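A.B. asks: Sharing a structure, written as C-alpha cells. Questions coming.
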Amino acid sequence: MTKPEEQGYVSVIGHAFIEPMLSLVENLESWQPAIPNALQTGQRENGHSLATIVLAALLFESALNRTSYVRNEKNVGPNYFKSVSSNQGLTDELEEIYAVRNVIAHNHIWEAKFVWDDSGDMQFTELPKLREGYGDNRHLKVMDPKTRKSRLLTMNMFPSRIWRRDAYIALKTIAKGLNQLESIDRRYFYLTPHHFRFQGKTVTFNQIIENLCVPNDV
C-alpha cells in the first residue's frame with residue numbers, strides 16, 4: 001500500500017470570521033438605525049455593532065499572524081502592522097480600532113447620573129466617569145476625554161453608545177489594513193478572489209465594505 005503523501009497545514013482562521021460578521025452587518029442594514037442619545041443606543045443595534053467590531057479586529061489579528069508566519073518573524077500583536085507597513089496614518093487608525101475592541105472585550109465600566117429630558121431622551125447631569133481599574137494605555141492614548149470618542153476616527157468609546165457608525169468605520173479601516181497587507185505580498189492574506197453572499201448577491205469583501213454608508217456623527 002502506497003504511503004499517502006504528507007502535506008503541510010497552517011491553522012489560520014481569519015476567513016472563518018467573515019461570514020458571521022457579514023451576517024451581523026446584513027441584519028443592521030435591514031433595520032432603521034437606532035441613533036444613540038447621550039448614554040446609549042438600542043440594545044439590538046448595540047449588540048450587533050459590538051460584535052461586528054470584535055470580529056473585524058479578530059479578522060485583522062489573524063491576518064497579521066498569517067503575515068508574521070509567512071515572514072518567519074515573531075508577531076508582537078496588533079503593533080506588528082507597523083513593522084510591515086510604512087503607512088503611519090493607517091497604523092494610527094488601526095490603533096484606535098484595537099482600543100475600541102478592548103473597550104468592548106473588557107466591558108469598560110462607566111458611572112454616570114442622568115435625567116429624562118422633555119423630549120424623552122436621556123441626558124447626563126454630570127460628566128460620566130470611567131471606574132478605576134478599567135481602561136489601559138491604548139485607551140488613554142486615543143480617547144478624547146471630553147467626547148469619549150477616539151481622536152482620529154471619532155468612534156464611540158462609551159460602550160453603550162457604540163452603534164453601526166462605529167462598526168462601519170471599523171470595517172472600512174480593517175479593510176484598508178487587509179488591502180495594504182495584500183498589496184505588499186499576496187501570501188500574507190489573500191482575500192480579493194473570495195466571494196460572499198450578501199443581500200442576495202455574490203460579491204467580494206471589498207465591494208461590500210465600500211458600499212456601506214457610514215451614518216453621520218451624533
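Here, each number is a calculation from the coordinates, and none is a lab measurement. No experiment lies behind these values; they were computed from the predicted model shown. Every residue, glycine among them, receives a Cβ derived from its backbone with ideal geometry; neighbour counts consider all protein chains shown.
A.B. asks: Over 14 Å, how big is the tail of the calculated P(r) for region 148-218, in percent of all Cα pairs?
C.D. replies: Distances greater than 14 Å cover 65 percent of the Cα pairs.
A.B. asks: Here's another thing I want to ask about it. Cα to Cα, under 19 Å, and not fewer than 8 places away if on the same chain: which aspartates and glutamates meet these conditions relative to LYS141?
C.D. replies: List returned: ASP92, GLU93, GLU95, GLU96, GLU132, ASP166.
A.B. asks: In debye, nearest 20: dipole of region 128-203 around its Cα centre with unit charges on the Cβ of K, R (+) and D, E (-)?
C.D. replies: The dipole of region 128-203 has a size of about 300 debye.
A.B. asks: Same structure again: Say each of ASN206 and ILE13 gets a label point 7 Å from the Cα, pointing the same way as Cα to Cβ; how far apart are those two points in nm?
C.D. replies: 2.8 nm
A.B. asks: Just to confirm the filter: which chymotrypsin sites (Phe, Trp or Tyr not before Pro) across region 1-45 are DSSP coil and have at most 13 other Cβ within 10 angstrom of their Cβ?
C.D. replies: Qualifying residues, ordered by number: TYR9, TRP31.
A.B. asks: What are the extents of the Cα atoms of region 17-105 along their three principal axes, in Å, largest first?
C.D. replies: 45, 28, 21
A.B. asks: According to the square roots a ≥ b ≥ c of the eigenvalues of the Cα gyration tensor, what is the shape class of the chain, taking rounded for a/c under 1.5, prolate for a/b larger than b/c otherwise, and oblate for the remainder?
C.D. replies: It is prolate, given that a/c is not under 1.5 and a/b is the larger ratio.
A.B. asks: For a label point 7 Å from the Cα of GLN32 along Cα→C-beta, name the residues of region 203-218 whose backbone N is under 17 Å from it.
C.D. replies: Once the point is set 7 Å along Cα→Cβ of GLN32, 215-216 turn out to lie under 17 Å by backbone N, inside region 203-218.
A.B. asks: Still on this model: Kindly express, to the nearest 10 degrees and within the range 0 to 90, the angle between helix 88-105's C-alpha long axis and the longest C-alpha principal axis of the chain.
C.D. replies: That works out to roughly 70 degrees.
A.B. asks: Sticking with this structure for a sec: For the chain, what is the charge dipole size about the Cα centre, in debye to the nearest 20, if Lys and Arg each add +1 at the Cβ and Asp and Glu each add -1 at the Cβ?
C.D. replies: Approximately 360 debye in magnitude.
A.B. asks: Using alpha carbons only, how many degrees (0 to 90, rounded to 10) separate the axis of helix 164-184 from the longest principal axis of the chain?
C.D. replies: Long axis of 164-184 versus the principal axis of the chain: about 30 degrees.
A.B. asks: Nearest 10 degrees, 0 to 90: what angle lies between the long axis of helix 18-30 and the longest principal axis of the chain (Cα atoms)?
C.D. replies: 40 degrees
A.B. asks: Okay, moving on. Decide, for region 103-171, between rounded, prolate and oblate: order the square roots of the alpha carbon gyration tensor eigenvalues as a ≥ b ≥ c, take rounded if a/c falls under 1.5, and otherwise choose prolate if a/b is larger than b/c, else oblate.
C.D. replies: Cα axes put region 103-171 in the oblate bin.
A.B. asks: Within region 35-84, list the trypsin sites (Lys or Arg not before Pro) lying in a DSSP loop whose Cβ has at most 16 other Cβ atoms in a 10 Å radius.
C.D. replies: ARG71, LYS74
A.B. asks: Let me ask something else. What value, in deg cm²/dmol to 500, does the helix sum -39500 (n - 2.57) over DSSP H runs of n ≥ 4 give at 222 nm once divided by the residues of the chain?
C.D. replies: My calculation for the chain gives -14000 deg cm²/dmol from helical runs alone.
A.B. asks: Sticking with this one: Dividing the alpha-carbon radius of gyration of region 1-58 by 2.2 N^0.38 Å (N being the number of residues), what value is obtained?
C.D. replies: Here the answer is 1.87, to two decimals.
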